[in-house]
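Undergrad: Starting off with a structure, shown below.
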Amino acid sequence: MNRRETGRIVVPLVLCFLCAPLACTSYRAEKHYEKGVACQKNGDTVQAIEEFTRTLQYAPEHNNARLALAAAYESQGSLNQAITSYNEALHYDPTVVEAEYALGAIYSRLQNWDEALKRYEAVVEKDPGHAGAYYSLGSIFKMRKEQGKSIAAFNRAVEIDENYFEAHYQLSLLYFVEGDFEHARKHADIAVKEYPAAEKLIALIEEETKDSNG
């Protein structure tokens, strides 16, 4: 066997030896991830966190594990750790909308409204069809007494999802306060399918309409 023939045999063997540890690492990472998902489903959040952490030790690029780790931290109330993990997920992939949305929800829980708004606005910039983000924006604007912005955000939510009953209910309340009984009734009639409280609002609208016509 000449040197050239030997080279053709040795090179594949070398590549096999180099690839074997990588394949083993990837296999271990995926096994820990799968175990973490199973633990989370079974309510064992502590073990899930450990498994997702091990996944990332083997495969730092495993962004699904990073998102799962963040969600596990969030579910046990470790909000600072959740924020860190969600931000790391966005660092690896800035297009991950679910991380932005989750951060908006966490900052809302912490009553950090400026940061929550920033995150929800980032969601709709990346995904203009995200009805939930528009609803969340509408809720924050409503709390801040920014009625025009609130109505616009809730309307966008129901444009995206006509069966977004919570948004219809909020719109019916806002329009009622503004004295726009026609739009208030329109949204209340839809909201009442899921919100029995809308029946009282409909009764109030009818009273106000009678008085204005009388």
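The values are calculated or read from the model by the stated rules, or taken from the named source; none is laboratory data. Small disclaimer: the values here were computed from a predicted structure and weren't measured. Cβ sites come from the backbone with ideal geometry, for glycine too, and all protein chains shown count toward neighbours.
Undergrad: Can you tell me which residues in the range 28-38 are at pLDDT 95 or above and among the hydrophobic types (A, V, I, L, M, F, W, C)?
TA: Once the filter is applied, which keeps residues that are at pLDDT 95 or above and among the hydrophobic types (A, V, I, L, M, F, W, C), the range 28-38 yields VAL37, ALA38.
Undergrad: If a residue has to be loosely packed, with under 14 Cβ neighbours inside 10 Å and assigned to a helix (DSSP H, G or I) to count, how many in the range 68-83 make the cut?
TA: 1
Undergrad: Let me ask you something else. Can you pull out the residues in the range 155-172 that are of a type outside the set (S, T, N, Q) and in contact with a Lys or Arg (Cβ under 8 Å, 6 or more places away or on another chain)?
TA: Result: PHE165, single match.
A quick yes/no check of all residues on (1) surrounded by fewer than 21 Cβ atoms within 10 Å (Cβ to Cβ); (2) within 25 Å of ALA105 (Cβ to Cβ); (3) touching a strand residue (DSSP E or B) at 6+ places or on another chain (Cβ under 9 Å); (4) of a type in the set (Phe, Trp, Tyr):
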site	(1), (2), (3), (4)
SER139	yes, yes, no, no
MET143	yes, yes, no, no
SER150	no, yes, no, no
LYS186	yes, no, no, no
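Undergrad: May I ask you to list pairs of residues, at least six apart or on different chains, whose Cβ atoms are under 9 Å apart, with the first in the range 154-166 being farther than 14 Å from SER139 by Cβ and the second being of a type in the set (Asp, Glu) and surrounded by fewer than 16 Cβ atoms within 10 Å (Cβ to Cβ)?
TA: Pairs that qualify, where the first residue is farther than 14 Å from SER139 by Cβ and the partner is of a type in the set (Asp, Glu) and surrounded by fewer than 16 Cβ atoms within 10 Å (Cβ to Cβ), are ASN163/GLU194; PHE165/GLU194.
Undergrad: Moving to a separate point now. Can you find even one residue in the range 159-180 that is among the acidic types (Asp, Glu), surrounded by fewer than 21 Cβ atoms within 10 Å (Cβ to Cβ), farther than 30 Å from ASN64 by Cβ and more than 25 Å from the chain's Cα centre (by Cα)? Before you say what the answer is, go through the steps one by one.
TA: Within the range 159-180, the subset among the acidic types (Asp, Glu) is 159, 161-162, 166, 178, 180.
Cutting the leftovers down to surrounded by fewer than 21 Cβ atoms within 10 Å (Cβ to Cβ) gives us 159, 161-162, 166, 178, 180.
So of that shortlist, the ones also farther than 30 Å from ASN64 by Cβ come out as 159, 162, 178, 180.
Next, only the ones that are more than 25 Å from the chain's Cα centre (by Cα) stay: 178, 180.
Yes - at least one qualifying residue is present in the range 159-180.
Undergrad: If you don't mind, another one. If I filter the range 128-137 for residues that are of a type in the set (S, T, N, Q) and closer than 23 Å to VAL96 by Cα, do I get at least one hit? Step through it out loud before you land on a result.
TA: First pass over the range 128-137, keeping only residues of a type in the set (S, T, N, Q): 136.
Retained after the next criterion (residues that are closer than 23 Å to VAL96 by Cα): 136.
Yes: one or more hits.
Undergrad: Out of all the residues in the range 105-126, which are in a helix (DSSP H, G or I) and polar (S, T, N, Q)? Before the answer, list the steps.
TA: Here is the first cut: in the range 105-126, the ones in a helix (DSSP H, G or I) are 105-109, 113-126.
Answer for the range 105-126, where residues must be in a helix (DSSP H, G or I) and polar (S, T, N, Q): just SER108.
Undergrad: Within the range 204-213, can one find any residue that is surrounded by 16 or more Cβ atoms within 10 Å (Cβ to Cβ), without any contact (Cβ under 8 Å) to a residue 40 or more places away in the chain and under 26 Å from the mean Cα position of the chain (by Cα)? First the steps, then the outcome.
TA: Residues of the range 204-213 surrounded by 16 or more Cβ atoms within 10 Å (Cβ to Cβ): 205.
Retained after the next criterion (residues that are without any contact (Cβ under 8 Å) to a residue 40 or more places away in the chain): 205.
Those left that are additionally under 26 Å from the mean Cα position of the chain (by Cα): none.
No, because not a single residue in the range 204-213 is surrounded by 16 or more Cβ atoms within 10 Å (Cβ to Cβ), without any contact (Cβ under 8 Å) to a residue 40 or more places away in the chain and under 26 Å from the mean Cα position of the chain (by Cα).
Undergrad: Identify all residues within the range 68-97 that are among the acidic types (Asp, Glu) and within 22 Å of LYS35 (Cβ to Cβ); write none if there are none.
TA: Correct list: GLU74, GLU88.
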